[in-house]
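As structure tokens, the structure follows; a few thoughts come after it.
Here, each number is a calculation from the coordinates, and none is a lab measurement. Keep in mind the model is a prediction, meaning the values are calculated, not measured. Neighbour counts are summed over all protein chains in view; Cβ atoms, including those assigned to glycine, are modelled from backbone coordinates with ideal geometry.
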Amino acid sequence: MSAKPAADPIFAARDQGAAAFALIEELYPICRSITGPGVTATLDIIERFVPLKRTQVPTGTKVFDWEVPREWTIRDAFIKNAAGDRVVDFKKHNLHVVSYAVPLRAKMSRAELEPYLYSIPENPDWIPYRTSYYCESWGFCVSQRQREALGDGPFEVEIDSDLKPGVLTYGEALLKGETAEEVLIYTHICHPSLCNDNLSAIAVACLLAQRLAARTHGLSYRFIFGPVTIGSITWLAMNEARVANIRHGLVLASLGDRGALTYKRSRRGDAEIDRILGFLAETGRVGAIEDFSPYGYDERQFCSPGFNLPVGRLTRTPNARYAEYHTSADDLDFVTSEALGDSLAALETIIAIIELNARYINLAPKCEPRLGPRGIFRNTGGRNPSEFEHAILWVLNQSDGGPDLLSIAAKSKLSFSLIAEAATALAEAGLLARV
Amino acid sequence: MSAKPAADPIFAARDQGAAAFALIEELYPICRSITGPGVTATLDIIERFVPLKRTQVPTGTKVFDWEVPREWTIRDAFIKNAAGDRVVDFKKHNLHVVSYAVPLRAKMSRAELEPYLYSIPENPDWIPYRTSYYCESWGFCVSQRQREALGDGPFEVEIDSDLKPGVLTYGEALLKGETAEEVLIYTHICHPSLCNDNLSAIAVACLLAQRLAARTHGLSYRFIFGPVTIGSITWLAMNEARVANIRHGLVLASLGDRGALTYKRSRRGDAEIDRILGFLAETGRVGAIEDFSPYGYDERQFCSPGFNLPVGRLTRTPNARYAEYHTSADDLDFVTSEALGDSLAALETIIAIIELNARYINLAPKCEPRLGPRGIFRNTGGRNPSEFEHAILWVLNQSDGGPDLLSIAAKSKLSFSLIAEAATALAEAGLLARV
Amino acid sequence: MSAKPAADPIFAARDQGAAAFALIEELYPICRSITGPGVTATLDIIERFVPLKRTQVPTGTKVFDWEVPREWTIRDAFIKNAAGDRVVDFKKHNLHVVSYAVPLRAKMSRAELEPYLYSIPENPDWIPYRTSYYCESWGFCVSQRQREALGDGPFEVEIDSDLKPGVLTYGEALLKGETAEEVLIYTHICHPSLCNDNLSAIAVACLLAQRLAARTHGLSYRFIFGPVTIGSITWLAMNEARVANIRHGLVLASLGDRGALTYKRSRRGDAEIDRILGFLAETGRVGAIEDFSPYGYDERQFCSPGFNLPVGRLTRTPNARYAEYHTSADDLDFVTSEALGDSLAALETIIAIIELNARYINLAPKCEPRLGPRGIFRNTGGRNPSEFEHAILWVLNQSDGGPDLLSIAAKSKLSFSLIAEAATALAEAGLLARV
């Protein structure tokens, strides 16, 4: 993006991968769910990076077609075999208990237990991740090997959980800029010990928020950390009047795996954020662009037809496209500092374009203005112009209030930073006015 | 299209190929032309499948730039050589006489006869098909071998025909649906003993009309059986006020050869019927899609600039793209039961989409509605949704009154029937209203 | 384009390549610049082909953001070595002196001279072309071999030039047609002894103007011969009220090299001239089409955002894409009679389309009109139509006032001349009216 890598926030961001990884290590053991103490513990750690406003919404509050669910607390859960050994033990891995499982204490045979067991035959060492949100249920997730070794029972089965009225909590940080127009960044924080989905995005969002809080910016940036689906639904229900301010938005998820960056377009398909990421894909910075589809994370809510906000989604490998997805194999080995640093640097690049992109008007639109006397062009004629001089000609020629700098960069096949630099030089020379 | 093949009209239609073939065998010997007793005999047979209203338009009636021609009756035609042998004999093949030939009784030398002979040097056993509509003329179509063996004459040449004031006749069947909006299906019936062009389409249209008459449907279906060009011109002239009701239309021709189904777009190019066939081509059900061109069959009239109706054309191999076209080689060996059954099944598929396609409005457009409690979604979270659940999400997300189910199917890459099923389930749950 | 090559101006134009080459030979020795006697001498020669109106604009006249520069006269320039030999001599090649160099008489060492020398290390025998327009400067262009053999000096350096108030001169020829709508053809005449850039275009424009002046045409044609950049800026400043008449425009340059014809679109991208050249590229007549970019010749001014005229650019190999560009190697060997003839013929083709292209209305738009009785169609039915009959059907079907003949030719994949011929036949038959 820039000729001065040392001072460049994008360049510097790449080095923050290790810090992001360390944060993932710290968050990994916590057993999160859509409500309950795991959420609170996670927000406490996030708050070290950026001040958070926490919103607590009571159980039963109507949020559009939904209502806020009860608060879930899990203390212990196990299956003991006939010998009294904990053959499945929540204390060893918090994926073992189905998230939101109702309390239970029972003796049962193997046949009675069987319908409540989840495993992955094709990956016999991995524990799956299952939830029972929005229905009264329970279950245990086990590796296929555990399941095969369980024996016939009878088993002592216990889930020491609470599921009772309480609150749903989300945290948000509004980093005010020069304008009230907002960039919304939503990150789900409800998944338990799964590193890519979604500790990776939590870590990257924390570092990005910390960096933005430390500098000035034109737009306001709103970071929201909340549970998946019900979190964004609740936020939208509480902030319906505020959404008109959202000029760009990104849902962040799965930013730590070794795959290429993948952007999923907003439902609009041609919002400015879609064009920015499209440009980055064309120039090779982002690996893949996908059309909007109504399956995924919280973009589903922001892009529901009643809102249709300009919110896309940035991931590396998208959900459900890797075997480790929603299993215990999405662990600390599955994410890398390099990938985390690259994701953070890509976000800094996106923000740089968001901040600089604008429409301009050429104030001397009839024929080309003289550039030599204004110090913008070299004077010796007959030679080929430099890339910067090409950028100057492009910005002057296209700036009729229609195409923005991003369009000009795409059309000219010059870098966005060169086009932005040319616009700045021309504006300083009085030849260009920002629309 | 459906999960229940036994009850599925599309599936069942495929088995009707043999019935269509039998009908072709029955129609084959009749010498049809644009007017005259061959037309009447053909309509008599069609009427066994579907009740017809016949319209008789007198010779000389002005129909736009044209006038209805005289009625042609052919009884006999031959060329006798010096030995008195019928070396060319209408009784052996009704293609031997140029269609609409004026009466003639003459003696002539080989040199005098020569300009009135038509043959195909590159296919020496085939008899060509030629007409002299709209000009007073006569001629004989012969195989190249016949021509070469004719000898020097003198010849006795006789055409026992009438060309005198009478009527042009077309038959139509209007199968009323719940609405007055019509699907127009036009089939030309003027070609003599040519199986693919167009006994194949007559047979398929008869079976389709018979099937539609036996069940309820939303739209009205109008089948017209008339002569090519002057038939559709006359119908349009007689029904100009009625064309506003035509929502979709298809000209059917050449539906029995072994080639792939080929759809030719309406002049509009983006009419709903064009989008439906485009979808079927994308999903492999139809082999090829072609842009409109003003050469072909009666779509030329429906798509003339003064009408510009949403009428496309369905054929297998299009006219003039196979050597047998308009020759005696377009015989009973050239068409197959399989192709006829496949054409009929494709038409049932098209009608299924026509009937089900609609725009819907999501009645809970802000965020996703809860689907589990409404029995539309399974409850256990964390797993990947089923294809049906994907279809539900797509229909909910896209239904803002803009895209119809066909667009949603195309965008989601899910089958149209799955999307239609999802729309039905959501409408029953009160989440969707048809626009 | 036409069936009658002998009478066809396009066909005949191709033979004019030798005449164009002879004109280049005559113009080659003259030392042109943006002002001064070289321009006048060049216009004197052009005037032999087409009567010119000359406009003289005094030095200092404001033209938009610029002002008309001083007039430059060069009489002699040399570098003498210590032995008194002219080791660099303007009399031997007029590229040796930097164009617009200020007068100078000095003794200097090799080190003092060095910054004022220009050469091309990678092509050691070629002399580069450099200018010092719009800044007070001087310099010598030499071959790399000359530079290496110069010795240490001291040198006697002299530039016997004037740079003083005078005039900028351009010539124009307005060939009036039936309408005031104009086709603008701009050719820069300021380059010294460089054959492709731009004596080739001057020669082609002269011959084209001569041919057009000798015949009638519908549109008016304005040929402008002026210096690059400041010439078109000055013309636009003097004729601002007139630009509304410009319906099509072409900047001509580099029309003599062995490369393929290359068209650069106007800034609009979809102007009629862009569509015409796009059509010619699709049909293989023109080798390449490029999008507009703000680097090149005088199209930069015509396509500045304040004018945005429908002016494209026709070249063979574009500027800066061949090693010989702006060097002494752009000499008489670099251009060929064949290429010049081909360029002229292409321009005649473009003009033929410009003149004939129009929108028509079908006056019998409901169904097809009868063509046989009007003598437009042959009468025997059953055979395939001829190409001309296809053209007739296409023109009738598409002529609803929307698509022009060019669109119909592109859509039908028939030749433009056949489509135009069909339109003429239909208009003569009273079936078509020009919009």
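So which of B:Lys62/B:Lys92; B:Lys53/C:Lys411; A:Lys62/A:Lys176; A:Lys413/C:Lys413; A:Lys107/A:Lys164; B:Lys411/C:Lys366 end up more than 28 Å apart by C-alpha?
Numbers: B:Lys62/B:Lys92 37 Å; B:Lys53/C:Lys411 39 Å; A:Lys62/A:Lys176 30 Å; A:Lys413/C:Lys413 33 Å; A:Lys107/A:Lys164 24 Å; B:Lys411/C:Lys366 37 Å.
Exceeds cut-off: B:Lys62/B:Lys92; B:Lys53/C:Lys411; A:Lys62/A:Lys176; A:Lys413/C:Lys413; B:Lys411/C:Lys366.
Report the percentage of all Cα-Cα pairs in the stretch A:1-127 whose separation exceeds 18 Å, rounded to a whole percent.
Working: 5691 of 8001 pairs.
Counting pairs separated by more than 18 Å, the tail of P(r) holds 71 percent.
Under a no-solvent Debye model with one identical scatterer per Cα of chain C, what's log10 I(q)/I(0) at q = 0.10, 0.11, 0.12, 0.13 Å⁻¹?
At q = 0.10, 0.11, 0.12, 0.13 Å⁻¹ the computed log10 ratios are -0.74, -0.86, -0.98, -1.11.
In vacuum, with every alpha carbon of the protein assembly as shown counted as one equal point scatterer, what does the Debye formula give for log10 I(q)/I(0) at q = 0.04, 0.08 Å⁻¹? Two decimals, please.
The computed values of log10 I(q)/I(0) come out as -0.38, -1.11.
Short version: what are the Cα gyration tensor semi-axes of the stretch A:188-263, square root of 5 times each eigenvalue, largest first, in whole Å? Mind dumping the intermediate values first?
On the way: eigenvalues 97, 65, 26 Å².
Its equivalent ellipsoid spans semi-axes of 22, 18, 11 Å.
Using the Karplus curve 6.51 cos²θ - 1.76 cosθ + 1.60 with θ = phi - 60°, work out ³J(HN,Hα) for each residue of the stretch C:336-341 in order, rounded to whole Hz, and write x for Gly and Pro.
10, 4, 4, 5, 5, x
Sequence-distant or interchain residues sharing an amide H contact under 5 Å with A:Ser304, placed H: which?
A:Leu309, B:Cys367
Sequence neighbours fewer than 8 away in the same chain don't count; with that in mind, list the aspartates and glutamates whose C-alpha is under 13 Å from B:Lys80.
Partners within reach: B:Asp89, B:Asp152, B:Glu156, B:Glu158.
Please check which bits of the stretch B:338-374 a label hung off B:Glu428 would reach, taking the label as a point 7 Å along Cα-to-C-beta and the cut-off as backbone N under 16 Å.
Under 16 Å, as judged by backbone N against the label point of B:Glu428, lie B:371-374 of the stretch B:338-374.
Pairwise over distinct Cα atoms, reciprocal of the mean inverse distance: report the Kirkwood radius of the stretch C:359-434 in Å, one decimal place.
Values: mean 1/r = 0.0816 Å⁻¹.
Its Kirkwood hydrodynamic radius stands at 12.2 Å.
Based on C-alpha coordinates, I'd like the Rg and Dmax of the stretch A:298-356, in Å.
14.9, 42
I want the antiparallel fraction of DSSP beta bridges within the protein assembly as shown, as a percent rounded to 5. List each step's numbers first, then the result.
Working: 123 of 192 bridges.
Restricted to the protein assembly as shown, the bridges split so that about 65 percent are antiparallel.
What ³J(HN,Hα) values, in whole Hz, does the Karplus curve 6.51 cos²θ - 1.76 cosθ + 1.60 give for the stretch B:305-321 when θ = phi - 60°, with x put for Gly and Pro?
Per-residue couplings from phi come out as x, x, 10, 6, 7, x, 10, x, 9, 10, 9, 8, 5, x, 3, 6, 10 Hz.
What FRET efficiency comes out for A:Ala12 versus A:Glu240 if R0 is 41 angstrom and r is the Cβ-Cβ distance? Round to the nearest 0.05. Let's see the in-between values first.
Numbers: r = 38 Å, r/R0 = 0.92.
With a Förster radius of 41 Å, E is 0.65.
Under the √(5λ) rule applied to the eigenvalues of the Cα gyration tensor, what semi-axes describe the equivalent ellipsoid of the stretch B:290-428? Give them in Å, descending.
Working: eigenvalues 364, 76, 24 Å².
Sorted largest first and rounded, they come to 43, 20, 11 Å.
Quick one: dipole size for chain B, taken about the Cα centre, charges +1 on Lys/Arg Cβ and -1 on Asp/Glu Cβ, in debye to the nearest 20.
Details: 46 positive and 53 negative charges, 229 e Å.
It works out to roughly 1100 debye.
How big, in percent, is the set of alpha carbon pairs in the stretch C:108-155 lying more than 15 Å apart?
47
Take every residue in peptide C:359-367, count the Cβ atoms of other chains within 10 Å of its Cβ, and give the average of those counts.
Values: counts 0, 0, 1, 3, 0, 5, 6, 12, 19.
Mean shielding by partner chains, rounded to a whole number: 5.
Counting every Cα pair in the stretch A:258-360, what percent are over 23 Å apart? It would help to have the intermediate numbers written out before the result.
Details: 1636 of 5253 pairs.
So the portion of pairs separated by more than 23 Å is 31 percent.
What GluC sites (Glu not before Pro) in the stretch A:107-148 are in a loop by DSSP, with at most 16 other Cβ atoms within 10 Å of the Cβ? The partial results should precede the final answer.
Details: sites: A:Glu112, A:Glu122, A:Glu136, A:Glu148; in loops: A:Glu122, A:Glu136.
Passing sites in the stretch A:107-148 are A:Glu122, A:Glu136.
Using the Cα atoms as the points, what is the convex hull volume per residue of the stretch A:72-164 in Å³? Working shown, then result.
Numbers: hull volume 8.1 nm³, N = 93.
Spelled out: Cα convex hull of the stretch A:72-164, divided by residues, is 88 Å³.
If R0 is 56 Å, what FRET efficiency do you get for A:Ala22 and A:Val435 from their C-beta distance, rounded to 0.05?
Efficiency for this residue pair is about 0.80.
Using a Förster distance of 56 angstrom, determine the FRET efficiency expected from the C-beta separation of B:Leu117 and B:Ser386, and round it to 0.05. Provide the component values of the computation, followed by the final result.
Working: r = 68 Å, r/R0 = 1.22.
My answer for the efficiency is 0.25.
Going by how many other beta carbons lie within 10 Å of each one, how would you line up C:Arg242, A:Arg275, B:Arg48, A:Arg316, fewest first? Please list the in-between numbers first.
Working: C:Arg242 14, A:Arg275 18, B:Arg48 11, A:Arg316 26.
Least crowded to most crowded, the residues run B:Arg48, C:Arg242, A:Arg275, A:Arg316.
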